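First comes the structure, then the notes that go with it.
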Amino acid sequence: MARRSLLPLGLAAFAATRPARAETLVALEGAEVFDGERRIGRATILVADDVIRAIGPAASVTVPAGARRVDLAGRVVVPGLISAHSHVGNSGGAETGGRFYTRENVLDQLRQFAAYGVTTVTALGLGPAAFFDIREEVRRGGTGGADLLGAGMGVGVPDGTPPAAPMNLNDSQVARPNTPEEAREAIRMMARRRVDIVKLWVDDLGGTVPMMRPEIIVAATEEAHAQGLRVAAHIHDLEQARIVVQSGVDVVAHGVRDMPVDAALIAAMRQRGTWYIPTIQINEANYLYADRPELLSDPFFARALNAGLRAQFGDPEWRRKALEAAASSRQEVAVNQRNLKALHAAGVRIGFGTDSGATANRIPGFAEHRELELMVEAGLTPEEAMRCATGGSAALLGLEDRGLLRPGRRADLLVLDADPLADIRNVHRVRAVWQRGREVSGAIG
């Protein structure tokens, strides 16, 4: 399926006609490097403006006179993390809702993602018209936060998911077609707005609301593919995963959490090349902060908290209620982890995302770091988890300009004080975050 360029036509024309200027050259020297696929050892990374010009052992990279040299001896460099499933502008303080979708809030959240090393964020639905203007502003640069991709509104179910009342959503955030033709028209509208991916909400919330009908799934998926767009589907149960894979979606956007995946689903996903994003932290977020009140005094966690969440997590009554309700979420985390291990071992392609930002307790940036830990707990090696979060998610999204530290790709990278391939928790030890060839954030804590 052809993938349209992420560079808007107007910006492409501007880039072709603007006058030439001198390049800004930076040499990052002496760090141990994981390039998104493998460890390449100590290397020099030569950055020209916003892209990598050369990377390799110091003896193989010529650093031009006048280039700024940055000594990174003793550090580790990895690609910027890429979230293929997050949300922006849907929470404020400890609350959730469409009223928080403002330019200022979205840009603040993107800066928080970037501070934690998440340099590309895919907002998988719930985006009103303002999403498109904000996305273009971010792409022009200068906002200091993560790059923003997204699905715009996404396609949900009338009187179904995503649930409007509990999530305080408004009609501008989700399309809810009643017929296959309405679904096709919704996709055509999204394609005209140049969404980066299509989101379908299929889940029936345990039988409490209508599920998306198979003919709607098929119509939306066929139309998206005709428009050159990938499709990601929100599911919860094994049967829903079977339906969306059979319908031709490209990405199962949540983990299967009701029962073990079976051989038939695994075979279908492998045959079709379907991607899988487990989003384990989505359920852990329901109890983690009550389980571990000491996190409030951890500078790495505290950096991610706004005043509303800090007050909520410090409230003994909130903590008591969260722990009383935690059993089902703990069970879903366990099932999700076992299914991730089975799918990964079988060769199903695994992406990276957390559903961060969909609700207030799915905390941008911190959630991604926890997801890496949960993936390793599930049985992936740290290197495998890091591949999923960098080169893997870039491939899932069809992005050939980032995700790997290679010549010609964007200079989006993390500088760490310790090796995450030795211990995945070392990804917390952020020294600096570089995006488009410039440092945008420093150490946390």
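The values are calculated or read from the model by the stated rules, or taken from the named source; none is laboratory data. These figures come from a predicted structure and were not determined experimentally. Every residue, glycine among them, receives a Cβ derived from its backbone with ideal geometry; neighbour counts consider all protein chains shown.
Only one of GLY248, GLY273, GLY314 is at positive phi and exposed (fewer than 14 other Cβ atoms within 10 Å of the Cβ); which?
GLY273
Name every residue in the stretch 300-326 that is assigned to a helix (DSSP H, G or I) and not hydrophobic (A, V, I, L, M, F, W, C), in order of residue number.
GLY308, ARG310, GLN312, PRO316, GLU317, ARG319, ARG320, LYS321, GLU324
What tally of residues in the stretch 217-231 results from selecting those that are out of contact with any Gly (no Cβ under 9 Å at 6 or more places or on another chain), within 22 Å of ALA123 (Cβ to Cβ) and surrounded by 22 or more Cβ atoms within 10 Å (Cβ to Cβ)?
Counting residues in the stretch 217-231 that are out of contact with any Gly (no Cβ under 9 Å at 6 or more places or on another chain), within 22 Å of ALA123 (Cβ to Cβ) and surrounded by 22 or more Cβ atoms within 10 Å (Cβ to Cβ) gives 4.
Please determine whether any residue of the stretch 180-192 is in contact (Cβ under 8 Å) with a residue 60 or more places away in the chain and not aromatic (Phe, Trp, Tyr).
There is no residue in the stretch 180-192 that is in contact (Cβ under 8 Å) with a residue 60 or more places away in the chain and not aromatic (Phe, Trp, Tyr).
Considering every residue within the stretch 307-329, establish whether at least one is in contact (Cβ under 8 Å) with a residue 24 or more places away in the chain and in contact with a His (Cβ under 9 Å, 6 or more places away or on another chain).
Looking through the stretch 307-329, none of the residues is in contact (Cβ under 8 Å) with a residue 24 or more places away in the chain and in contact with a His (Cβ under 9 Å, 6 or more places away or on another chain).
Out of all the residues in the stretch 293-303, is one or more polar (S, T, N, Q) and in contact with a strand residue (DSSP E or B) (Cβ under 9 Å, 6 or more places away or on another chain)?
No, the stretch 293-303 has no match at all.
Only residues in the stretch 29-57 that are in the same structural domain as ASP71 (by TED's automatic domain parsing) and of a type in the set (Ser, Thr, Tyr) count as the first member; pair them with residues that are modelled with pLDDT of 95 or more and part of a loop (DSSP other than H, G, I, E, B), Cβ under 6 angstrom, at least 6 apart or cross-chain, and list the lot.
These pairs meet every condition: THR44/VAL61.
Residue by residue through the stretch 146-185, note down the ones that are of a type in the set (Gly, Ala, Ser) and either under 25 Å from the mean Cα position of the chain (by Cα) or crowded, with 21+ Cβ neighbours inside 10 Å (or both).
If the condition is that a residue be of a type in the set (Gly, Ala, Ser) and either under 25 Å from the mean Cα position of the chain (by Cα) or crowded, with 21+ Cβ neighbours inside 10 Å (or both), then ALA146, GLY150, ALA151, GLY152, GLY154, GLY156, GLY160, ALA164, SER172, ALA175, ALA183 are the ones that fit.
Identify all residues within the stretch 110-132 that are in contact with a Lys or Arg (Cβ under 8 Å, 6 or more places away or on another chain), farther than 18 Å from GLY97 by Cα and surrounded by fewer than 24 Cβ atoms within 10 Å (Cβ to Cβ); write none if there are none.
Within the stretch 110-132, ALA115, PHE132 qualify.
Name the residue, out of ALA27, ALA65, that is part of a loop (DSSP other than H, G, I, E, B) and either of a type in the set (A, V, I, L, M) or touching a helix residue (DSSP H, G or I) at 6+ places or on another chain (Cβ under 6 Å) (or both).
When all the criteria are applied, what remains is ALA65.
List every residue pair whose Cβ atoms sit under 9 Å apart, with the two residues 6 or more apart in sequence or on different chains, where the first one lies in the stretch 140-166 and is without any contact (Cβ under 8 Å) to a residue 24 or more places away in the chain and the second, anywhere, is among the acidic types (Asp, Glu).
ALA164/ASP171
Could you tell me whether ALA342 is free of Cβ contacts under 8 Å to residues at least 60 places away in the same chain, among the aliphatic types (A, V, I, L, M) and assigned by TED's automatic domain parsing to the domain that holds GLN281?
Spelling it out, it is not the case that ALA342 is free of Cβ contacts under 8 Å to residues at least 60 places away in the same chain, among the aliphatic types (A, V, I, L, M) and assigned by TED's automatic domain parsing to the domain that holds GLN281.
I'm told GLU23 meets every condition in (1) modelled with pLDDT of 95 or more; (2) among the acidic types (Asp, Glu); (3) more than 17 Å from VAL430 (Cα to Cα) except one. Can you identify the failing condition by its number?
(1) is the only condition that GLU23 fails.
Just the residues that are under 18 Å from ASP355 (Cα atoms) and in a loop (DSSP other than H, G, I, E, B), please, taken from the stretch 196-206.
ASP196, ILE197, VAL202, ASP203, ASP204, LEU205
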